[in-house]
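Please read the structure below before turning to the comments.
What follows is calculated from the coordinates using simple rules that are stated; it is not laboratory data. This one's a predicted model, so the numbers in the text were calculated from it and none came from an experiment. Here Cβ is always computed from backbone atoms with ideal geometry, including for glycine, and neighbour counts include all displayed protein chains.
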Amino acid sequence: MKVAVINSGSSSLKFKLYDMSNKEVIYSLLVENIGLKGSKIKTHHEALDSLDVDLSSIDIIGHRVVHGGEEFSEPTIVDDEVIQKIEELTHLAPLHNPANLEGILVAKQKAPNTTQVAVFDTAFHSQMPEVAYLYALPYEMYEKHKIRRYGFHGTSHSYLLKECALLLKKETIELNIISLHLGNGASACAIEKGVSIDTSMGFTPLEGLVMGTRSGDIDPAIVLYMQRDLGFSVKRVDEMLNKKSGLLGICGSSDIRDILENNDNKSKLAIDMMVRRVKKYIGSYKALLGRVDAIVFSGGIGENSAYIRDRIMDNDLAMGTPVFVIKTDEELEIARQCLSFKKIKKDINED
Ligand code: ADP
């Protein structure tokens, strides 16, 4: 069984083709800087044109879709109705869903008879209880406008949970873990009996931890102040919070490697702020979960920086809880989810 995964991001496209009998990658392609100045590849369509693979020869094509809203809580076969719903969710993920959708549309055009499956970043968090996903706003903001916490990085947190279960020789449903995906974007997730019960990213991937260029948690009144009293436009505030804040905003770099090398006062402060925020989330998730079977680090920073991990876990924060470092693999998790989905198996067997 050959399964391809297309991760069509805002300016990049990752493609991996798996032989699912041994989960080996038999072909992969990474195209970056799509549509950016000086780049030869202008669109996701062109990126997919450069594949050295006949898409119509593949059994299943899985697509990463960032925002599934409340509609999608599991891998879903892509048909016209699903395409329309993903399009309708664009206002919740304006940078990501259109790029995801373009990957889907081109793949459908190139392989109209191949089963295509959308796997949503939000799906793993879809069982969060109301008490976790609601903001304390007037209830009608949720009812009328669907303003709630959705959570992201779900494919990664789900992969980390499964790998953790293998390491502990337990079933996922037996496990309480705190999962930390620390990359350019970063999120923490509290997993109770194999289910995400809280996570740091919310309505959008802006909330929560101090990230490479995103502020994470701030007092929402700051946004009002900047717009009302400082006269900043919505666009300016949006760009500031998403692209000019976080580590970059404090010390001028978003890359932990450079920041550690620079080692000046601002760099130290940026790291202190990032570490402190992660610690606060671990503490609050411990309080929610009670028993914690493992704390898992992943993402570019979590996997590679022992210094940051040690800083987060100092003062004996783990208190005897095993701490694992696991390299995440979102594409493999998407491929596995494509296969484990019963309806797909049934459809394919009937073909
Ligand atoms: P993305 O969210 O874009 O997928 P990654 O998970 O690849 O990001 O993480 C990227 C970040 O990981 C970089 O900005 C860098 O700060 C950090 N990183 C990567 N390698 C190392 C390393 N060897 N030591 C410290 N930090 C690292």
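Key figures
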read-out: For segment 194-351, alpha-carbon Rg and Dmax in angstrom; value: 19.4, 64
read-out: The chain: most fluctuating residue of PRO322, PRO94, PRO220 per GNM, C-alpha cutoff 10 Å; value: PRO220
read-out: Cα-based helix-to-principal-axis angle, 154-168 vs the chain, degrees rounded to 10; value: 80
read-out: Under 16 Å from the Cα of LYS108 - aspartates and glutamates, other chains or at least 8 residues apart; value: GLU46, ASP49, ASP54, ASP59, ASP79, ASP80, GLU81, GLU87
read-out: Percentage of interatomic Cα-Cα distances in segment 1-118 larger than 20 Å; value: 39
read-out: Burial ordering of HIS125, HIS67, fewest other beta-carbon atoms within 10 Å first; value: HIS67, HIS125
read-out: Dimensionless Rg ratio for the chain, taking C-alpha atoms and the 2.2 N^0.38 Å reference; value: 1.00
read-out: Order of HIS63, HIS157 - criterion: other Cβ atoms within 10 Å of each residue's Cβ, fewest first; value: HIS63, HIS157
read-out: Subset of LYS243/LYS327; LYS85/LYS235; LYS170/LYS327; LYS235/LYS280 violating a 28 Å alpha-carbon distance limit; value: LYS235/LYS280
read-out: The chain, relative contact order in percent, only Cα pairs under 8 angstrom and at least six apart counted; value: 15
read-out: More than 16 Å apart - percent of Cα-Cα pairs taken over segment 60-141; value: 52
read-out: Choice from LYS268, LYS327, LYS16 with maximal GNM fluctuation in the chain (Cα, 10 Å cutoff); value: LYS268
read-out: Percent RCO, i.e. relative contact order, over segment 1-91, from Cα pairs under 8 Å lying at least 6 residues apart; value: 26
read-out: Whole-number D in µm²/s for segment 244-316 (Stokes-Einstein; Kirkwood sum over Cα pairs; 37 °C, 0.692 mPa s); value: 249
read-out: Total charge dipole magnitude, segment 1-101, about the Cα centre, Cβ charges on Lys, Arg, Asp, Glu only, Debye to nearest 20; value: 580
read-out: Neighbour-count order for HIS45, HIS96, fewest beta carbons within 10 angstrom listed first; value: HIS45, HIS96
read-out: Top of LEU17, LEU206, LEU105 by mean-square fluctuation, Gaussian network on the chain, Cα under 10 Å; value: LEU105
